[in-house]
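K.L.:
Attaching a single structure in structure tokens format; questions to follow.
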Amino acid sequence: MGQSDQNDETNVSEQLAAEVVIVGSGVAGALCAYRLALAGVKVLVLEAGPRITRESVVQGFKSQPLLDLSAGYPNPHWAPRPDWGTGADPYIDQAGSTILQMEYLRVVGGTTWQWSGSALRLRPEDFGMYSRFRHGVDWPIAYDQLETDYAEAEKELGVSGDPAADTGLPRSTPFPLPPVPPSYAEKWVAERLHSAGLSFTARPVARNSLPFDGRSQCAGFGTCSPICPTGAQYSAMVHVDKAQRLGVRVLENCRVERLHADTSGKIRSVAFTRSNGSTGTAQGALFALAANGIETPRLLLMSVSERYPHGLANSSGQVGRNFMDHPGLYVRMELPEAVYPGRGPITTRQCLDYCQGSFRRSHAAWLMDTNNTLDLHSLTEEALSRGLWPPELDEFVRQRARHQFQIDAHMEQLPHLDNRITLDWTRRDRAGQPRIRLNYSYGDYEKAGFEQIRGVFRSISQTLGARSTHLSEPFAHHHLMGTTRMGFDPHRSVTDAHGRTHDHGNLFLLGSSLFPTVGTANPTLTIAALTLRSARAMLRQLQSD
């Protein structure tokens, strides 16, 4: 018997079919699958990574000495991800003047396993950055066109918020849940800064302040990011499970290699490889990529052919360009009174005082929030640097921990063509795919924003009477945005206002890669709102075909 006749499962090719094939099972992919399934559509979801349990992640973090948010999650060879906690990131090659220690997960449910739960809306002026401030570009939609989708997304995710908070955002409906109560530390800080002219309000979060949608009330473990141990905080597994109960097929450990388009430009299938090396294809009437702001452009760029030498959906040359994050800074202070941080969720209060205004013509807007985490690691490092040993070390950490508090800031970033994702076809990652290359740097707009943040942090530290202050260097918030932006002009954008690619009428893109600009709101709620909008467009297209 020849080798080709042997029953080698790594050579078996599987052919699958559905009306809609979705790549990625994070909040965009899972929510889209659920909404389509509600309408009776046959949906297949392909996820590169494995299915995990909450219990396994909690145990993984307990046994991990590493400090990055992803340390307790799997990083299998068939679905690698960024992993800077072990040193230099072996997954993404970085160029430019700024190196990002970014993180995201490749598991069923995506990165919402480890997010902070922040569920903010973009502001009306964020949709018209160029018209209002002569920076960036305008979105092809306005806030008013997305408002009802924002309201529906808040219901789907279970957002807790304060209807009395003066956020300046028009709303058609109240929040589904009342606000999560602040910790003592957050109340102490907010009250003193209010007297200094800063306004802190409840932070909208997809975290249950009351039992909701089959999930328990928040128990205040304080480990929301990297993992909520009870499931009170939303993760995309909510919609993965709902979709599956409606008949959606979710296949884990299926890494998509490329999409295939016919001569008319219509996408016919996607090719995938399983963790055991076997291969398959999936055919559909419509396709949606929901693989995040790094992996989605990567798949498009990998799908080269004689007809599409620069990849799919890339006649504009915009695929992979305009990568944006929310660059951040934090200030960690030793306060004059004991405030006992670490009790309650990671954050419940935010300050919007620097999110809008005419100053955006000259420097970036930014959002400030209280951070209720307890950083025992940095306190222990400080104690050891002072030469302390038990029992003095123990007393030092206990005393300082009672007085420690941190305030975070993250700011908008402008889209720049040269901040981009490309592929290195001469090198391969652990899964055998072309290596990702990221070119990234800050411009003068962002640098001026950093300077304002530093000045405000110094003032806050003085107002609170901090005994000591540590101001961080800029860091990543892991918000991967802008690499396949939407727009009216097919020469300057990748998709239309519904996420449908200009070049391929049956290919939709979902997620924050669609964002033309980023504002100061964490992206997840806008991802969900845009996904609801795209799902309706997909249903209309299926019904008309």
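K.L.:
For the chain, what proportion of DSSP beta bridges, expressed in % and rounded to the nearest 5, is antiparallel? Walk me through the numbers before you get to the answer.
P.N.:
Working: 49 of 74 bridges.
Percentage antiparallel, nearest 5: 65.
K.L.:
For Ala17, which sequence-distant residues (separation of 5 or more, or a different chain) have an amide H within less than 5 Å of its own amide H, given hydrogens modelled in the peptide plane?
P.N.:
Gln283
K.L.:
Dipole size in debye (nearest 20) for segment 1-144 around its Cα centre, Lys and Arg Cβ +1, Asp and Glu Cβ -1?
P.N.:
Numbers: 11 positive and 16 negative charges, 131 e Å.
Computed charge dipole of segment 1-144: roughly 620 debye.
K.L.:
Taking 0.36 nm per residue of separation and subtracting the Cα-Cα distance, what length does fully extending Asp394 through Asp424 add? Mind dumping the intermediate values first?
P.N.:
Numbers: separation 30, 0.36 × 30 = 10.80 nm, distance 4.93 nm.
Here the segment from Asp394 to Asp424 would lengthen by 5.9 nm.
K.L.:
Here's another thing I want to ask about it. If we sort 377-390, 113-126 on the protection proxy, mean other Cβ atoms within 10 Å, highest first, what's the order?
P.N.:
Details: 377-390: 12.8, 113-126: 23.9.
Taking the mean over residues of other Cβ atoms within 10 Å, the ranking is 113-126, 377-390.
K.L.:
Quantify, in whole percent, the carbon and sulfur part of the accessible surface of the chain (1.4 Å probe; protein heavy atoms only).
P.N.:
Details: 10610 of 21190 Å².
Answer for the chain: carbon and sulfur cover 50 percent of the accessible area.
K.L.:
Please report the net charge: other residues with Cβ closer than 9 Å to the Cβ of Pro50, K and R +1, D and E -1. Let's see the in-between values first.
P.N.:
On the way: positive: Arg51, Arg106; negative: Glu47, Glu252.
My count for the surroundings of Pro50 gives 0.
K.L.:
Indicate the helices, whole DSSP H runs only, in the chain that combine a mean Kyte-Doolittle hydropathy of 0.0 or more with a Cα extent along their long axis of 18 angstrom or more. If you can, show how the numbers build up before the last one.
P.N.:
Values: long enough: 143-157 (20 Å, -1.37); 444-463 (29 Å, -0.71); 524-544 (30 Å, 0.40).
Membrane-span-like by this rule: 524-544.
K.L.:
Placing unit charges on C-beta atoms (Lys and Arg positive, Asp and Glu negative, everything else neutral), compute the dipole magnitude of segment 266-324 about its Cα centre in debye, rounded to 20.
P.N.:
With only Lys, Arg, Asp and Glu charged at Cβ, the dipole is about 80 debye.
K.L.:
Could you give log10 I(q)/I(0) at q = 0.10, 0.13 Å⁻¹ for the chain, computed by the Debye formula over C-alpha point scatterers of equal weight, without solvent?
P.N.:
One equal scatterer on each Cα of the chain leads to -0.80, -1.37.
K.L.:
Under 5 Å between amide H atoms, partner at least 5 residues away or on a different chain: which partners does Glu257 have, H built in plane at 1.01 Å?
P.N.:
For Glu257, whose amide H was placed from the backbone, the distant partners under 5 Å are Ala271, Phe272, Thr273.
K.L.:
Oh, and also: Could you compute the net charge surrounding Gln233? Neighbours are other residues with a C-beta less than 11 Å from the C-beta of Gln233; K and R count +1, D and E count -1.
P.N.:
Numbers: positive: Arg54, Arg207, Arg215; negative: none.
Value of the local net charge: +3.
K.L.:
Spelling out what I want: for every residue of segment 123-129, take phi, set θ = phi - 60°, compute 6.51 cos²θ - 1.76 cosθ + 1.60 (Karplus), and round to whole Hz; glycine and proline get x.
P.N.:
8, x, 6, 5, 7, x, 4
K.L.:
So, counting K/R as plus one and D/E as minus one, what does the shell of residues with Cβ under 12 Å around Phe272 add up to? Numbers along the way, then the final one.
P.N.:
Details: positive: Arg255, Arg258, Arg274; negative: Glu14, Glu47, Glu252, Glu257.
Summing Lys and Arg as +1 and Asp and Glu as -1 gives -1.
K.L.:
Quickly estimate the mean residue ellipticity at 222 nm for the chain, helices only: each DSSP H run with n ≥ 4 gives -39500 (n - 2.57), and the total goes over all residues, rounded to 500. Please report the intermediate quantities before stating the final value.
P.N.:
On the way: 11 runs with 135 residues, N = 545.
It lands at -7500 deg cm²/dmol.
K.L.:
Also: Would you mind computing, in nm to one decimal, how far apart the modelled labels at Asp213 and Arg343 are, each placed 7 Å from Cα along Cα→Cβ?
P.N.:
3.0 nm
K.L.:
Within segment 300-341, which GluC sites (Glu not before Pro) sit in a loop by DSSP and count at most 16 neighbouring Cβ atoms inside 10 Å?
P.N.:
Here the sparse-neighbourhood loop sites are Glu306, Glu337.
K.L.:
Follow-up question, since we're still on this one. Taking 0.36 nm per residue of sequence separation and subtracting the Cα-Cα distance, how much length would be gained by fully extending the chain between Arg268 and Ser385, in nm to one decimal? Provide the component values of the computation, followed by the final result.
P.N.:
Working: separation 117, 0.36 × 117 = 42.12 nm, distance 6.05 nm.
Taking 0.36 nm per residue and subtracting the Cα distance, the gain is 36.1 nm.
K.L.:
Pop out the ³J(HN,Hα) list for segment 475-490 in order, Karplus 6.51 cos²θ - 1.76 cosθ + 1.60 with θ = phi - 60°, rounded to Hz; leave Gly and Pro as x.
P.N.:
9, 7, 9, 6, 9, 8, 10, x, 7, 9, 5, 8, x, 7, 8, x
K.L.:
Using the Cα centre as the reference, give the magnitude of the dipole from point charges on the C-beta atoms of segment 302-404 (Lys, Arg: +1; Asp, Glu: -1; all else neutral), rounded to the nearest 20 debye.
P.N.:
Details: 11 positive and 12 negative charges, 101 e Å.
Dipole magnitude for segment 302-404 comes out near 480 debye.
K.L.:
Also, I was wondering about something else. Given the options Pro181, Ala243, Met411, identify the residue whose Cα lies farthest towards the positive end of the charge dipole of the chain (+1 on Cβ of Lys, Arg; -1 on Cβ of Asp, Glu).
P.N.:
With unit charges placed on the Cβ atoms, the residue in question is Ala243.
K.L.:
Residues in segment 328-363 near a label at Ser199, defined as backbone nitrogen under 20 Å from the 7 Å Cα→Cβ point?
P.N.:
348-360
K.L.:
Sorting check: for 429-438, 516-525, which peptide has the highest mean count of neighbouring beta carbons within 10 Å, and how do the rest follow? Display every interim value, and only then the final one.
P.N.:
Working: 429-438: 17.0, 516-525: 25.5.
Answer by packing, highest mean first, reads 516-525, 429-438.
The values are calculated or read from the model by the stated rules, or taken from the named source; none is laboratory data. Since the model is a prediction, treat every value here as computed from it, not as a measurement. Methodologically, a virtual Cβ is constructed for each residue, glycine included, from the backbone with ideal geometry; neighbour enumeration extends over all protein chains shown. Accessible surface is based on the protein model in full, side chains and every heavy atom, while ligands, DNA and RNA are left aside. Shrake-Rupley method; radii C 1.70, N 1.55, O 1.52, S 1.80 Å.
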